[in-house]
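Below is one structure; the comments refer to it alone.
The values are calculated or read from the model by the stated rules, or taken from the named source; none is laboratory data. Fair warning: this is a prediction, and the values are worked out from it, not measured in the lab. Here Cβ is always computed from backbone atoms with ideal geometry, including for glycine, and neighbour counts include all displayed protein chains. Accessible surface areas use protein heavy atoms only, side chains included; no ligands, DNA or RNA. Shrake-Rupley method; radii C 1.70, N 1.55, O 1.52, S 1.80 Å.
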Amino acid sequence: MSVIIFADQFQEKVKKSALEAVQYGSRIAQQLGVPAIAVAVGEVDGAELSALGQYGASKVLHVADARLNEPESGAVTKVMAEAVAKENGSVIVFSHNFAGRSIAPQLSARLKAGFVAGAIGLPDTAAGFVVKKNVFSGKAFANVSITTDKKIVSVMPNTFSVSAGSGTANVEAFSAGLTDADYRIKTVKVETVSGEVPLTEAEIVVSGGRGLKGPENWGSWKISPMYWVRQRPAAVPWRMPTGARIMSTLARPVSPYAPTCTSLSVSPGLSSTWQA
Amino acid sequence: MKILVCISKTPDTTAKIAFTDNNTKFSEAGVQFIINPYDEWYALVRALELKETQGATVHLITVGGADTEAVIRKALALGGDEAFRVNADSQDSYYIASQIAAVAKQEQYDIIFTGKETIDYNGSSVGGMVAELLGLPFVSIASKLDVNGTTATLKREIEGGEEVVEVSLPLALSAQKGMAEARIPNMRGIMAARTKPLKVVEPVAVDALTSIVSFELPPAKAGVKLIPADQVEELARLLHEEAKVI
């Protein structure tokens, strides 16, 4: 038996959310006394894959097919199914990110494996396999039991802190027998934002409060590099340019409403630029 | 073109969330139910736009008891042509997807829409499972869909940007914000919905793969400390010394 973890990448780097999934999966593996094996697809830096050992993976199965740089969900579903078969995977872990939301349900139906989407806690294996998740859009929690032999869990991003230990993972080339017929979704164009930090990769997320209204008032906060969230009822994220230094005092809001800050944790290099 | 839109009955967004039966069941007392917003505003409306521009036929499907018929009628009032209700109740995504796939297999749809997720159980699973059970390509969390003949072009968000993809029909997709603008049914649609076909079908035999053992409510929130807008330094001090978040 083993725990199989999908470690997806973005621009040849393993995503932060994927590192969380690898560490989460390795903790399940420790609970069950089985190895944790990561699966990566597309062109990924070899050192990045070896470094997954620091997050608990003992081995990485790598399908180095450039067509999977933007993971085609059907093809990756096949890759994961083949990996599960090869390594006798009993628990399969994804991040509940864009890729995980697409691939995990398909894999669940293919393997007839019970699936819990958006886990916020490690499974309770004392009596079965029970996973906690948010329901009713975060207003409550549900404890969900997976009753099948094979189990799939997707981990809600930014729920677990990631800490790199020591160790390297053995990277093994993997062929899942993909054919052209497996690539049914053709990527025509990818538009990525450069010079800004995607929300899901941000170390710090700052919510400015409704009073700051829009980007025209962000100039009074000069914080880099982080992702700025304007607190509107719909909580739609906004991006702000990086690179500016921090002012000597925190910003004075331009409205009567005091700003709020949420989910702050210091990112590397940021503490040196704070001037309280 | 034949389109299937999967819709779900969910509690209104302002509903008070409470549980009964020793926290194993959602309490429906005093709760208003609506069509899941992602299903209605984005999936269904886009399907109706394709009906208006390309002459598609739009079918609806719900897995649920007779209490779901009110939301089905609303979806028909918006413009759906025909509806199926699978007479079963389950919280397991695979069970629900299997029921939908059983109906869809007989009807041979070109496009199967779901919403990004339901606002009650937040599973984001049914669309992908239906696609797999029917052997269809699946595009998740799509914010745009155009159809030209037998080719669909979709836009979806990815980490750090957006991706445009092309897929040959038939396909399944989950729709999110940006796919369409919400509509309100007009009186003519409401009257017509009363006589549109609503077929009740019995479920196929499928085992659920998961079950909800219990629900929990979050702990009561602690008191809020309000800081006047002109005391930013005090705010910074409190965030640093008390909340310890900076």
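A few points about this structure:
- Residue in region A:162-177 that is touching a Lys or Arg at 6+ places or on another chain (Cβ under 8 Å), within 12 Å of another protein chain (Cβ to nearest Cβ) and surrounded by 16 or more Cβ atoms within 10 Å (Cβ to Cβ) present: no
- The residues listed here are B:Val245, B:Val167; of these, the one that is within 11 Å of another protein chain (Cβ to nearest Cβ), farther than 21 Å from B:Glu40 by Cα and modelled with pLDDT of 95 or more is B:Val167.
Rundown of residues vs (1) in contact with a Phe, Trp or Tyr (Cβ under 6 Å, 6 or more places away or on another chain); (2) not hydrophobic (A, V, I, L, M, F, W, C), yes/no style:
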residue: B:Asp146; (1), (2): no, yes
residue: B:Gly149; (1), (2): no, yes
residue: B:Val167; (1), (2): no, no
residue: B:Ala180; (1), (2): yes, no
residue: B:Arg183; (1), (2): no, yes
residue: B:Val204; (1), (2): no, no
residue: B:Pro218; (1), (2): no, yes
residue: B:Gly223; (1), (2): no, yes
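- Of the residues making up region B:60-72, those that are open to solvent by 10 Å² or more (accessible area, probe 1.4 Å) and not in a helix (DSSP H, G or I) are B:Val63, B:Gly65.
- All strands (runs of 3 or more DSSP E) inside region A:21-128 with 1 or more residues being open to solvent by 10 Å² or more (accessible area, probe 1.4 Å) and at pLDDT 95 or above: A:59-63, A:89-95, A:114-119
- Those residues of region B:95-134 which are in contact (Cβ under 8 Å) with a residue 60 or more places away in the chain, open to solvent by 20 Å² or more (accessible area, probe 1.4 Å) and within 7 Å of chain A (Cβ to nearest Cβ), in sequence order: B:Ile119
- Counting residues in region B:159-166 that are over 25 Å from A:Ala117 (Cα atoms) and either touching a residue at least 24 places away in the same chain (Cβ under 8 Å) or of a type outside the set (A, V, I, L, M, F, W, C) (or both) gives one or more.
- Segments classed as strands (runs of 3 or more DSSP E), wholly inside region B:1-56, with at least 1 members that are over 18 Å from the mean Cα position of the chain (by Cα): B:2-6
- In region B:38-56, the residues that are at negative phi and surrounded by fewer than 17 Cβ atoms within 10 Å (Cβ to Cβ): B:Glu52, B:Thr53, B:Gln54
- All positions within region B:135-145 that are open to solvent by 40 Å² or more (accessible area, probe 1.4 Å) and not in a strand (DSSP E or B): B:Gly135
- Of all residues in region B:209-229 being at the interface with another protein chain (Cβ under 8 Å from one of its Cβ atoms) and assigned to a loop (DSSP other than H, G, I, E, B), the one that is least open to solvent (accessible area, probe 1.4 Å): B:Leu209
- Scan of region B:146-192 for residues that are open to solvent by 30 Å² or more (accessible area, probe 1.4 Å) and in a helix (DSSP H, G or I), ordered by number: B:Met187, B:Arg188, B:Ile190, B:Met191, B:Ala192
- Scan of region B:13-26 for residues that are loosely packed, with under 15 Cβ neighbours inside 10 Å and either at negative phi or touching a Phe, Trp or Tyr at 6+ places or on another chain (Cβ under 6 Å) (or both), ordered by number: B:Thr13, B:Thr14, B:Lys16, B:Thr20, B:Thr24, B:Lys25
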